[in-house]
Structures are given as C-alpha cells and as structure tokens.
C-alpha cells in the first residue's frame, strides 16, 4: 500500500499539543462532498481545475480539507475517446502543497464566485462541525489556494462562524446551526458576490433549551471584502408572517426572488417533517417571505436541491413601468424526495409582488435523489438544457446520475454504478464543441466519478469514463471508513 502523503504538522496549525496531529491526506479524498470546476479562461482546449471538499465524516483526521486538482496533469482521456472496462482509476492526484487548505469537518455544498473584474475567484464552503463555519478561500492562478482572513494553509481560525459571536444576537438567536447549502451571485455595478447559506438544524433560543425554534437563510452581501463579518441583520427568518418552521436545504437566485427549498430538519435532537417545499425571499425587501404551497400542487415529503433554468422576459414595454402587469417567466428545477421526483416549475410574473407557481412536469427519479446541475445547451431561453441529478441508490446499482432533457421533457439517460452515495456535481461545459464532462463526488466511496457527454444534442450517449482518487477503505460490518485507502486490485 502506498503511504499517505500527509501535509506537515508545521503547515497545518491548530492541532492539539497533547495528541499526535492527524492532518488530512492530500493524495486522496475523505468523504468528498462539495465540488466546483473552473475552466482556463480563453483556452477551451484545457481541462481546467477541479476543487473538492473532503468532509472528514468519520473524523479520522483532525479536520477536513479543500484540494485543488490541475486536470490537465492527470492523464484523463479526451472527451469522446474510447475507454476500457472497467474504467481507469487515477490515484495520483498530484496535489501540490499550495493547492490544499485545511477546513472544518462535515463540509456541505461548495460555490464559486468568478470575479468579473478578472481578479481571484473565491470559493465558499459551509461546514457543520462544532463552530458551523462558512469558509472563504481565494484561488490564485490555476490551483493555488489561500484562506481568506488568515495567512497560511489553515482556514479555521479566520473562518466565519454562523452560530457564535453574532452581533446584536439576543438569547442565542439568530444562529444557523448545521449549514449545508451555499449559492453565490453577482450584485451591483462592481459585480460583488452575494452569498446565501441554508442550514438544516433549527436554532433554539436560548441554545440547548429546546424552545423558540427558528430557521434562517444567511445573506452576506459584498462577500469579496477582506474580512467577513456577521450581524443579526444578515439572518433572514423563514417564519416571517407566522409561517411554519422547516429546514432549508438550497437556494437559487432569480430576477426578484430567491427560491428556497425546505426539507426535514432536526430540532432538539429529534427529526421533524419538512415545514414547506418552496418559499420565496423578496430580494428588494428581505422581510417578505412568500409561501408557495407547492406541496398542495404536488405531494412529496421534502425538497432538496433547486436550480434556476431559463428566463423569458415579458415583451410588453409597459411591464417596466408597472411590474404588477408583468408576464415574465422563470423556470426552476426542484429535486424532491418521498417520492423522489424532479419537479419542473414555472414562475409567472417574476417581477410581481405575488407571482404564480405551476408544476409543468414531474418525473420520478431513482431513490435518494440529492443534487442537481444544469448544463446549458443553447441560450438562457427555457427548454434548451440538460439537468443532471445524483441518486444514491437504485434497486440494481450502487448509485446513479440521471440526465433530464428539457426539450423532450423526460429522462434520456441513467448512468449506473457511478459509486457509493454520489452527491455533488461539477460541470466542465465545452460550448464550442457542444460537449460536457461531469465530475461527481461519491461521498461514501471517497472517489470522484468522471462522466462524459460527447454530444449535448444526444445526451443519451453519456458514459462513465474514469474515477479520480483511491477508494476509501470500508468496514462493511460497521458501515464506516477504516481511515485508510482501499487497495485497488487490477
């Protein structure tokens, strides 16, 4: 077995002096969760860089990590080339010391802000361990990572806690325990990043009292400033106007509204049913929370991910003078569970004070549907996309990625045996060649699956072409990691 390449304890700061440091490995992933791809600007021939969060779910190591991979150095096959069976596992990730940083354990989703001024992109990663951090990490060059608020490779001490030292908090509220979802979009003339974070554990007041529960969406405007900070004003209560409590899973930012999906949540260490499926936050007046009653249109237990699809503007110029006559339309895609379904939802009158919601399509998914990614096939118009969705298990396979063709209104491909518990998806979209490559984190397996779509006009040609990273060793009796990589038998 090849020994782990561990980052020196002199580099990883903050480990307890009384115990031997166990920094996370940089030659493999440990329960990978969030994932982001960045292309090389102006050079479509390059494969770009991949950023993966190691969640350290079994706490085998002191912390989690974010690793940056230069895909052009890994020997991946070209998109559309013939691959063997079984597909190759590339175990040498070639992660340089400056391409790895330490974050807290239990990382969730990952989002990237692409600096429109040409400066360094910035990654945002929420973590659900003790301090419930939001990490901000700058990307210098192609793969060099730098922690925001802190020098060096340790991003913990300078991270932003979503539950501690909140300015103007009263009896431990507001807080956002167990943050999971993160979305970033540009605002203002300068293109500053606006960050939205959800959390899946209700916040009681006072803490540990099991009383006065509340759920929030955390809103951080201008998140490109040097030092990130929070006050009570950054927390948007989702129960405004007497609405029910519910865990918030993900967000998507539209023209006027932020779409928030609701899921089952934890309150006082007990699981609770979802209080809502979809709510809207008015970006112009964030105290306005609109309940859509989506659950009355389509019955499902909870929602998970949400994507913004196309936008069609009302051609009537009078709309701009009177938003209440607006007939602009946005399309969103919602991953729901119980039954597992991809909901295609239209929002009519997106500039109105109260837009209308309709379910255009509902397509059953394999079990354990979790995360979705949008692949543009044409312009921003509706019905010209591919939606990729991860599902943790089916009756026949370990896990799957399904592809929904918005032109046809149906699933056109299911890529089976992707890996154990597939979760996050990053997309390398080569628009010039009309093709795409998907990178899928397999949470329980410790690898990233690589799926190619050689021709976006025929997404049914998608296939699994490679894995990145050595699989995690697994104790089948306990159902947990052995904390060591698994030997790969040819």
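Bear in mind that the values in this text are calculations on the coordinates, not laboratory data. Because the structure is a prediction, the values reported are computed rather than measured. Neighbour counts are summed over all protein chains in view; Cβ atoms, including those assigned to glycine, are modelled from backbone coordinates with ideal geometry.
With neighbours defined as other Cβ atoms within 10 Å of a residue's Cβ, the residues 110, 382 order from fewest to most as 382, 110.
Overall, the ratio between the Cα radius of gyration of the stretch 353-436 and 2.2 N^0.38 Å, rounded to two decimals, is 1.20. If the segment from residue 131 to residue 320 were pulled out straight at 0.36 nm per residue, it would be longer than the present Cα-Cα gap by 63.6 nm. Summary of packing: across the peptides 264-273, 52-61, 445-454, 215-224, the per-residue average of other C-beta atoms within 10 Å ranks them, highest first, as 445-454, 52-61, 215-224, 264-273.
In a Debye calculation with equal point scatterers on the alpha-carbon sites of the stretch 297-385 and no solvent, what is log10 I(q)/I(0) at q = 0.23 Å⁻¹? Scattering profile of the stretch 297-385, log10 relative to I(0): -1.10.
Each label was represented as a point 7 Å from its Cα along the Cα-to-Cβ direction; for residue 20 and residue 484 these points are 1.4 nm apart.
With the cut-off at under 18 Å, measuring from each backbone N in the stretch 255-281 to a point 7 Å along the Cα-to-Cβ line of residue 362 picks out 261-264, 274-279. For the stretch 214-282, the Cα gyration tensor yields ellipsoid semi-axes of 23, 15, 11 Å (square root of five times each eigenvalue, largest first, whole Å). If a paramagnetic tag sat 7 Å from the Cα of residue 211 along the Cα-Cβ line, which residues of the stretch 145-171 would have the backbone N under 13 Å from that point? Residues 171 fall inside that zone.
So what does log10 I(q)/I(0) come out to for the stretch 160-234 at q = 0.17 Å⁻¹, using the Debye formula with one equal point on every Cα and no solvent? Computed log10 I(q)/I(0) values: -0.64. From largest to smallest, the equivalent ellipsoid semi-axes obtained for the stretch 112-269 from the alpha-carbon gyration tensor read 27, 18, 13 Å. Extent along the principal axes, Cα only, for the stretch 245-371: 51, 31, 22 Å, with the longest axis given first.
For residue 299 and residue 412 in one chain, what is 0.36 nm times their gap in residues minus the Cα-Cα distance, to one decimal in nm? It would help to have the intermediate numbers written out before the result.
Working: separation 113, 0.36 × 113 = 40.68 nm, distance 2.43 nm.
Here the answer is 38.2 nm.
For the stretch 305-348 versus the stretch 44-116, the inter-centroid distance based on Cα atoms is 33 Å. Principal axis extents of the C-alpha atoms in the stretch 124-182 (largest first, rounded to whole Å): 43, 22, 17.
In plain terms, if you count all Cα to Cα distances in the chain and split them into 20 Å steps from zero, the share in each step is 24, 60, 16, 0 percent.
Counting residues in the stretch 71-126 as N, plug N into 2.2 N^0.38 Å and put the Cα Rg over that result.
Numbers: Rg = 16.1 Å, N = 56, 2.2 N^0.38 = 10.2 Å.
Ratio of Rg to 2.2 N^0.38 Å for the stretch 71-126: 1.58.
Estimated at 0.36 nm per residue, the fully extended path between residue 96 and residue 476 surpasses their Cα-Cα distance by 133.5 nm.
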